[in-house]
Amino acid sequence: MKFLKAQTKNQRIRNVFLLTAAILFAGGIFALLGYFGIGIPCFFHLVTKLNCPGCGNSRAVLSLLRLDFAAAFRYNMMFLPELLYLLWVYSLASFRYIKEGRFSYKPPFIALDITLLVLIILWGIVRNIFGI
């Protein structure tokens, strides 16, 4: 990605801002589509008829936009930890890019990454066994 090879710190800050704006814009389009009932189907669910650990995240996002936290939790109990983790990774990668010029994630606490991965896998199993 050519725009990530900027030299000055100000250019890198601008690039992070533009990338964040693009992600938020795409999220807004996705939310609008969901609001009008046009969703993106889960490929894993289509193939296996099982719920993946992320099934329900789209509906959870739409619920959060309506400030309905209970509904978001019902759609996917792991949505908030997943969202917070993605924000954590994006923030660390962005700060590293601004500081060092490399847009990559270097986990400061590998145990956190492993724990969350195990929890997400367990959640995917539990939600299919108990129909949650």
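Annotations for the structure displayed:
- Number of the exception - residue 34 against (1) among the small types (Gly, Ala, Ser); (2) touching a Lys or Arg at 6+ places or on another chain (Cβ under 8 Å); (3) crowded, with 16+ Cβ neighbours inside 10 Å; (4) not in a helix (DSSP H, G or I): (4)
- Scanning the range 55-86 for residues that are of a type outside the set (A, V, I, L, M, F, W, C), closer than 24 Å to residue 115 by Cα and at pLDDT 85 or above gives 56, 57, 74, 75, 76, 81, 82, 85.
- Scanning the range 37-54 for residues that are exposed (fewer than 15 other Cβ atoms within 10 Å of the Cβ) and more than 16 Å from the chain's Cα centre (by Cα) returns 37, 38, 39, 41, 43, 45, 46, 47, 48, 49, 50.
- Hits in the range 60-98 - residues which are buried (at least 18 other Cβ atoms within 10 Å of the Cβ) and under 19 Å from residue 122 (Cα atoms): 75, 76, 78, 79, 82
- Residues of the range 56-78 satisfying the condition of being in contact (Cβ under 8 Å) with a residue 24 or more places away in the chain and under 29 Å from residue 107 (Cβ atoms): 57, 58, 61, 77, 78
The values are calculated or read from the model by the stated rules, or taken from the named source; none is laboratory data. In this text the structure is predicted, and so the values were computed from the model without any measurement. Virtual Cβ from ideal backbone geometry, glycine too; neighbours counted across all protein chains shown.
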